[in-house]
Amino acid sequence: MRGELQGLGPFRLLGVVGEGERAVVYHAEREGAGAVATSYALRILRPSLKGDAEALRAFEERAEAGAALVGDAVVGTYETGHLEGRPYALLERVDGVPLDALFPKKGKARFSEAAATTLLHGVLKALVTAHEASPPLVHGRLDAGSVLLDGDGDVRVVGFGAPGEPQADFLALARLAQQVIPDGAPALDTWLDGLQDGSDVYASPVAVLEALPLGATGDGRRALGRAVKRALKKREAAHELRESGPRGHGHGRGHAGGRGRGGDEGERPAPWRTASRSGAGAASRTASPASPEDVSLALRQARWVGALCAALVLVALILEIM
């Protein structure tokens, strides 16, 4: 995908922000006047699939369905169309991180009860918006990667939609809830038990939302916002480290946003290793041969050090005998 980062149609591509099996999402700007917003998320079918009729149809259907959704918990769609024979959707760009960026590499995510409830409340608001669409829509692929959070703790869901019964997302929501509900939260555990039973307990996302204990809180939003800001700082620090890395040695700098799968940061030599090669190692390779005067001085210094050590040993022995 790096070859595309010069631009597509009227869009200037600034980096890859996400990749899926069938599509790539770019951080993009529209060149020229008349843009609805200054910054977008451009989701477009992979070039290798533009001859795949099934992939084209599936992308177009989901893009058109998602464009019909309007709600403050749903990532908005500005337009859909085709670029170079590939369908695309121009989406609202959320300045934040996906939920899975807040998960540790090992173990369970560390969310407070207020943060977990606020997060689930936002996801359910998006599901309710989809349920109330005409026809009702489901997500079908709901997971931590499709839940976006910004620095204010606002929750948005991207990736709707396909027509279907809303209960189709209940199991995915239950799996997501298991990842964020903290230990020692009995009210949320009871709510989760009912969610896992699906339509036997809750008839719709509205009923699930109404049964959610506590709901969204200011404390929850602040906790989520702090977590997002920490993640953004780490991402920026990692980006600066890559940008300040050494050139040459057969490693390119890469394009902005190429931090996901298929990136080249794993191939880049560590700065401290390069510094050691270009520092002391380089000095030893370019040093001139020692002169006879230098050798003579070094020998005299070695004799003085030897004599001093012998004197110290003698003094220590005398003190031991006394």
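So here's what we get for this one:
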{"read-out": "Residue within the range 153-169 that is at pLDDT below 95, surrounded by fewer than 16 Cβ atoms within 10 Å (Cβ to Cβ) and under 17 Å from residue 231 (Cβ atoms) present", "value": "no"}
{"read-out": "Per-region count, the range 71-92, residues over 25 Å from the mean Cα position of the chain (by Cα) and not in a strand (DSSP E or B)", "value": "2"}
{"read-out": "Only listed residue being farther than 30 Å from residue 28 by Cβ and either touching a His at 6+ places or on another chain (Cβ under 9 Å) or at pLDDT below 50 (or both), chosen from 223, 256, 275, 203", "value": "275"}
{"read-out": "Filtered residues of the range 211-225 (kept if in a helix (DSSP H, G or I), out of contact with any strand residue (DSSP E or B) (no Cβ under 6 Å at 6 or more places or on another chain) and in contact (Cβ under 8 Å) with a residue 24 or more places away in the chain)", "value": "219, 220, 221, 222, 223, 225"}
{"read-out": "Complete set of residues in the range 206-239 that are farther than 17 Å from residue 116 by Cβ and more than 28 Å from the chain's Cα centre (by Cα)", "value": "206, 207, 210"}
{"read-out": "Among residues of the range 93-114, those that are in contact (Cβ under 8 Å) with a residue 60 or more places away in the chain and either part of a strand (DSSP E or B) or of a type in the set (Lys, Arg) (or both), counted", "value": "6"}
{"read-out": "Pairs with Cβ under 6 Å, 6+ apart, first in the range 193-210 and outside the structural domain of residue 128 (by TED's automatic domain parsing) and polar (S, T, N, Q), second exposed (fewer than 15 other Cβ atoms within 10 Å of the Cβ) and at pLDDT below 90", "value": "none"}
{"read-out": "Test set (1) more than 30 Å from residue 80 (Cα to Cα); (2) under 17 Å from the mean Cα position of the chain (by Cα) - residue 147 fails condition number", "value": "(1)"}
{"read-out": "Set 126, 133, 116, 174: member being over 30 Å from residue 59 (Cβ atoms) and surrounded by 15 or more Cβ atoms within 10 Å (Cβ to Cβ)", "value": "116"}
{"read-out": "Subset of the range 15-29 [in a strand (DSSP E or B) and modelled with pLDDT under 90]", "value": "15, 16, 17, 18, 19"}
{"read-out": "Verdict on residue 145 being not in a helix (DSSP H, G or I) and not assigned by TED's automatic domain parsing to the domain that holds residue 69", "value": "no"}
{"read-out": "Single unsatisfied condition, residue 150 versus (1) within 22 Å of residue 42 (Cα to Cα); (2) in contact (Cβ under 8 Å) with a residue 40 or more places away in the chain; (3) in the same structural domain as residue 204 (by TED's automatic domain parsing); (4) buried (at least 23 other Cβ atoms within 10 Å of the Cβ)", "value": "(4)"}
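The values are calculated or read from the model by the stated rules, or taken from the named source; none is laboratory data. Please read these numbers as outputs of a predicted model, since none were measured by experiment. We place every Cβ from the backbone using ideal geometry, glycine too, and count neighbours over all the protein chains shown.
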